[in-house]
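The values are calculated or read from the model by the stated rules, or taken from the named source; none is laboratory data. It should be emphasised that the depicted structure is a prediction, and the values quoted were computed from it without experimental measurement. Note: ideal-geometry Cβ built from the backbone for every residue, glycine included; neighbour counts use all protein chains shown. We work out accessible area using only protein heavy atoms, side chains counted, and drop any ligands, DNA or RNA first. Shrake-Rupley method; radii C 1.70, N 1.55, O 1.52, S 1.80 Å.
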Amino acid sequence: QNIHYTLDSSSPTVKSTSYIGAFKLDKSAIIQAAYFFDSIQIGPMLSFRTDIHKAIGKKVLYNSKWDGYAAQKEQTMTNGIMGGLTYHDEQWQGFTRKIDLIVDLETTQPVHTIAMNFMQLIGPGVYMPGEMEVLVSSDGINYQSVGKVLNNISDKESTLTFKRFELKLPQAISTRYIQIKATNPKRGYLFTDEIIVY
């Protein structure tokens, strides 16, 4: 009971909630935790964001497969865990070609926002996609494009950079299947951690 955590992105103190085991979340949160001994924080605070969204736990079809960085394999894109500051954290999945993924929501339901996070670190050849396109289908056969998000991060930006490619639809649409395509104009690595659907 020496680990204390918060769910509102504030820094935990010895008076914050004690971690005693698994707990459930019913909404997105930034979880921050730290270890305390005699009211003194020992070691660094750990922080990660969890997004409660419609694609968590849903099956993903890979029309293009990851390359070199499998992360959690087929579970990576819908496990609800965002990547950290390094692509070695087993949450960032790496692609050397374009990305082409389909998530099956299992039932037809209203959707208004689709997003994916990407990182860029030019030294080892990790770049942003040129664009991310979202397509939807009710039957898994006929897909219709509902929009694109263009990259606005310079490929000259040499520091570690993250961008959330987020498509917000003007009004919700009902769909079961969501296809996401991301181009790879620099032909380097694309790293992404989650398909996020609201």
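Filter the stretch 42-53 down to the residues that are within 12 Å of the chain's Cα centre (by Cα) and open to solvent by less than 70 Å² (accessible area, probe 1.4 Å), then identify the one that is modelled with the highest pLDDT. It would help to see each step written out before you state the result.
Of all residues in the stretch 42-53, those within 12 Å of the chain's Cα centre (by Cα) come to 48-53.
Imposing the further condition that a residue be open to solvent by less than 70 Å² (accessible area, probe 1.4 Å) reduces the set to 50-53.
On the way: Thr50: 77, Asp51: 77, Ile52: 87, His53: 94.
Looking at the filtered set, the residue picked out is His53.
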Original post:
In the list Tyr177, Tyr189, Tyr198, which residue meets the criterion of being within 24 Å of Glu74 (Cα to Cα), of a type outside the set (D, E, K, R), in contact with a His (Cβ under 8 Å, 6 or more places away or on another chain) and touching a residue at least 40 places away in the same chain (Cβ under 8 Å)?
Top reply: Tyr198
Original post:
So how many residues does the stretch 54-109 have that are surrounded by 16 or more Cβ atoms within 10 Å (Cβ to Cβ), over 13 Å from the mean Cα position of the chain (by Cα) and of a type in the set (A, V, I, L, M, F, W, C)?
Top reply: 8
Original post:
In this structure, does Ala115 turn out to be among the hydrophobic types (A, V, I, L, M, F, W, C), touching a residue at least 12 places away in the same chain (Cβ under 8 Å) and open to solvent by 40 Å² or more (accessible area, probe 1.4 Å)?
Top reply: no
Subject >> Residues located in the stretch 14-33, provided they are modelled with pLDDT of 90 or more and not in a loop (DSSP other than H, G, I, E, B) >> reply: Thr17, Ser18, Ile31, Gln32, Ala33
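Among Phe37, Phe48, which is farther than 27 Å from Val126 by Cα and aromatic (Phe, Trp, Tyr)?
Details: Phe48 fails: farther than 27 Å from Val126 by Cα.
Only one candidate qualifies: Phe37.
Given the options Lys148, Lys156, Lys163, name the one that is under 18 Å from the mean Cα position of the chain (by Cα), open to solvent by 40 Å² or more (accessible area, probe 1.4 Å) and without any contact (Cβ under 8 Å) to a residue 60 or more places away in the chain. Reasoning before the result, please.
Values: Lys156 fails: under 18 Å from the mean Cα position of the chain (by Cα); Lys163 fails: open to solvent by 40 Å² or more (accessible area, probe 1.4 Å).
Only one candidate passes the filter, namely Lys148.
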